[in-house]
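Below is one structure, written out as structure tokens; the observations come after it.
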Amino acid sequence: MSEPIIQIQRLTKNFGGGPDEVHALTDISLDIRQGEIFGIIGLSGAGKSTLVRCMNLLERPTSGTVLVDGKDMTALSEKELRLQRRKITMIFQSFNLLMQRTCLRNVCFPMEIAGVPRPQARKRAEELLDLVGLADKAGAYPSQLSGGQKQRVAVARALATDPKVLLCDEATSALDPTTTVSILELLKDLNAKLGVTVVVITHQMSVIEAICSRVAILDGGTVAELGDVQEIFSHPSTDAARRLVYPGGASVSQYPSGTRAARLSFNGGTVNQPLIASLAIDCGVKVSILGADTRSVGGRATGTMLLSLPDDPNEAARALSYIRSQPYVTVEEVEYRG
Amino acid sequence: MAEIFTSAFWAEYGGILAEGVLDTVVMTAASTLFAYLIGLPMGVVSVLTQPHGIRPNGPVNAVLGWIINIGRSFPFAILMVALFPFTKLVMGTRLGLRGAILPLVVASAPFVARMVETSLSEVDAGVIEAAQSMGASTFQIVRKVYLPEAMPSLILGGSITLIAIVGYTAIAGMVGAGGLGDLAIRYGHQRNVPSVMWVTVVILVIIVQAVQSVFSRLSVRIDKRLK
Ligand SMILES: Nc1ncnc2c1ncn2[C@@H]1O[C@H](COP(=O)(O)OP(=O)(O)OP(=O)(O)O)[C@@H](O)[C@H]1O
Ligand SMILES: [Mg+2]
């Protein structure tokens, strides 16, 4: 269970050369364990895509090693690398399906590449479409599907070669909150059913909190923090982590240190639940919003909010358990040290 | 002009007109076939070797680029005359269908290469990357991704190529290649029977229209992005 399936050692990636050289990744070391759902989060330009592309060697590292299932990807010949890539497949923000092929034939594609006999490939593709809940769309073309359905087909396609790792680069960023939740559930489900290790790249905290067990926070091409999601999000110790954890740029100096705070994360619940108001009415607890970065799309909220909790421990506990009982909201207490 | 509608006109010229049409169709079809045999790989290699292609190769890409550009900027009539000695050497003659096909292929292969290059460049880079991430080889990417994904566009390019080659065959006809261009010159100009020339013009227009509409419809029909 805790055997690393991906080991990244002292990975550095620079683009270009000379004075225009871009240091996309600098001295990254991390292990991803077999069977876990690992998150990589960071702001735009932090190097998330570059890091994930170094894992399947779509991008060749400038230095350092990437071990996938015990094999050093950087040392493989071109042919060996192609074989190894069947073990570490990928889904994308823009789905990247073949537009001139039906869903079924899209799922067959990696098996054609791998030389699986046609009847066998078709059968497997049908099973996979069934697994992602799209058995009835086998004959449809991608242009006839919604974004969420396209991503399901892409997931089925990525699973066709029985990979050990599924890389997801912003796989839900083009989807609305409800669909995002359903794709995340699917990934979680597949992880549990098939034991496939999932690496999730995102800039959204809510995605990490919904499914990841461990997370790496990437900042300016380096790993700022790495560890259990709970641990890191409740005790963020670096600036990069704090920027993600305390939303809306809540300024530290504004509040006395030691303020008790709760961080809420909304995962697609309906917006018109007046959570803060009902907290006051139902529990008689008044809280103030220290910062918020929530968005609502199609009447559903995603994002995070930071609330200050009352000093009275009983009241605080009451408020926390009330919030915990709400659907589509996760909450944890954080030390608001700034 | 009115004699076009008389049976005497068709009795006299029907045979040679039919022969002219056949020659033009054969010349066009054969040249297009060979132009694609040469131009398609050139276009593919040119796309693959671009700086952001899947097989970047500066020198190969640059050389191909020159060949395609020079080939395309050569006026066909001049190219044909310049190639006379070479054509005679390779084909044994510079006249008739045999003599016409070689310069037609030389002129249209770079044209085809540029068409193919444009069509393949329209394929979404993300899809290519997805195929790479699944372990597809370069050859598999060309055969299973680039060509099928670009097919509607390739077919439209094919119609443009065919029409251009029909135009070239008319020019080739002027210097002894046979076909409708040859008829138009011989009868319309040298023997002063302009009605034959006008009939050839009408036939050429019909051929071009037919190619255009058949290929456009085919392109739309096979394109699954539009459904
Ligand atoms: N092919 C490339 N050539 C040059 N620079 C690049 C290339 N790819 C990425 N970079 C640079 O590397 C840095 C990291 O980019 P990357 O795409 O990995 O960021 P990201 O965290 O995925 O961002 P986003 O959230 O916007 O997708 C950026 O500064 C980017 O400009
Ligand atoms: Mg990215």
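The values are calculated or read from the model by the stated rules, or taken from the named source; none is laboratory data. If you're wondering where the values come from, they're calculated on a predicted model, not measured in any experiment. Neighbour counts run over all protein chains shown; Cβ positions are idealised from the backbone, glycine included.
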Evaluate the following for A:Ala174: is it within 16 Å of ligand 2 (Cβ to nearest atom) and either among the hydrophobic types (A, V, I, L, M, F, W, C) or more than 27 Å from B:Gln140 (Cα to Cα) (or both)? yes
Could you tell me which of the residues B:Ile155, B:Ile141, B:Ile67, B:Ile128 is surrounded by fewer than 18 Cβ atoms within 10 Å (Cβ to Cβ), of a type in the set (Val, Ile, Thr) and either at pLDDT 95 or above or assigned to a helix (DSSP H, G or I) (or both)? B:Ile67
Looking only at residues that are surrounded by 23 or more Cβ atoms within 10 Å (Cβ to Cβ) and within 16 Å of ligand 1 (Cβ to nearest atom) in region A:155-179, which one is nearest to A:Ile32 (Cα to Cα)? A:Leu167
Conditions first: (1) under 15 Å from B:Ala172 (Cβ atoms); (2) within 14 Å of chain A (Cβ to nearest Cβ). B:Ala131 passes all but one, so which condition is the exception? (1)
State which residue is farthest from A:Cys168 (Cα to Cα) when the search covers only region A:63-99 and only residues that are under 24 Å from the mean Cα position of the chain (by Cα) and among the β-branched types (Val, Ile, Thr). A:Thr65
Can A:Arg122 be described as modelled with pLDDT of 95 or more, within 17 Å of B:Val127 (Cα to Cα) and away from every other protein chain (no Cβ under 14 Å)? no
Quick check on my filter: what residues within region A:1-26 are out of contact with any strand residue (DSSP E or B) (no Cβ under 6 Å at 6 or more places or on another chain) and outside any loop (DSSP other than H, G, I, E, B)? A:Gly18, A:Pro19, A:Asp20
Of the listed residues (A:Lys87, A:Lys79), the one being more than 16 Å from ligand 1 (Cβ to nearest atom), more than 30 Å from B:Pro152 (Cβ to Cβ) and free of Cβ contacts under 8 Å to residues at least 24 places away in the same chain is A:Lys79
I'd like the full set of residues that are farther than 20 Å from A:Leu129 by Cβ and in contact with an Asp or Glu (Cβ under 9 Å, 6 or more places away or on another chain), limited to region A:165-198. A:Val165, A:Thr197
Checked against (1) within 15 Å of ligand 1 (Cβ to nearest atom); (2) over 27 Å from A:Leu184 (Cβ atoms), A:Lys48 satisfies every condition except (2)
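Among the residues of region A:98-113, is any touching a residue at least 60 places away in the same chain (Cβ under 8 Å) and in contact with a Phe, Trp or Tyr (Cβ under 8 Å, 6 or more places away or on another chain)?
Among the residues of region A:98-113, not one is touching a residue at least 60 places away in the same chain (Cβ under 8 Å) and in contact with a Phe, Trp or Tyr (Cβ under 8 Å, 6 or more places away or on another chain), which makes the answer no.
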Being within 13 Å of ligand 1 (Cβ to nearest atom) and either assigned to a strand (DSSP E or B) or within 15 Å of the chain's Cα centre (by Cα) (or both) is the requirement here; does A:Ser29 meet it? no
Selection from region A:24-65 of residues more than 15 Å from ligand 2 (Cβ to nearest atom), within 14 Å of chain B (Cβ to nearest Cβ) and either in contact (Cβ under 8 Å) with a residue 60 or more places away in the chain or among the basic types (Lys, Arg) (or both) yields A:Arg60
Please go through region A:290-320 and give me each residue that is in a strand (DSSP E or B) and either closer than 19 Å to A:Ser234 by Cβ or at pLDDT 85 or above (or both), ordered by number. A:Leu290, A:Gly291, A:Ala292, A:Asp293, A:Gly303, A:Thr304, A:Met305, A:Leu306, A:Leu307, A:Ser308
Return yes when B:Ser119 is surrounded by fewer than 20 Cβ atoms within 10 Å (Cβ to Cβ), within 14 Å of chain A (Cβ to nearest Cβ), part of a helix (DSSP H, G or I) and not acidic (Asp, Glu) and no when it is not. no
Which condition number does B:Glu149 fail, the rest of (1) surrounded by 15 or more Cβ atoms within 10 Å (Cβ to Cβ); (2) charged (D, E, K, R); (3) touching a residue at least 60 places away in the same chain (Cβ under 8 Å); (4) within 13 Å of another protein chain (Cβ to nearest Cβ) being met? (3)
Single residue of A:Phe15, A:Phe109, A:Phe95 found to be crowded, with 23+ Cβ neighbours inside 10 Å and within 16 Å of ligand 2 (Cβ to nearest atom): A:Phe95
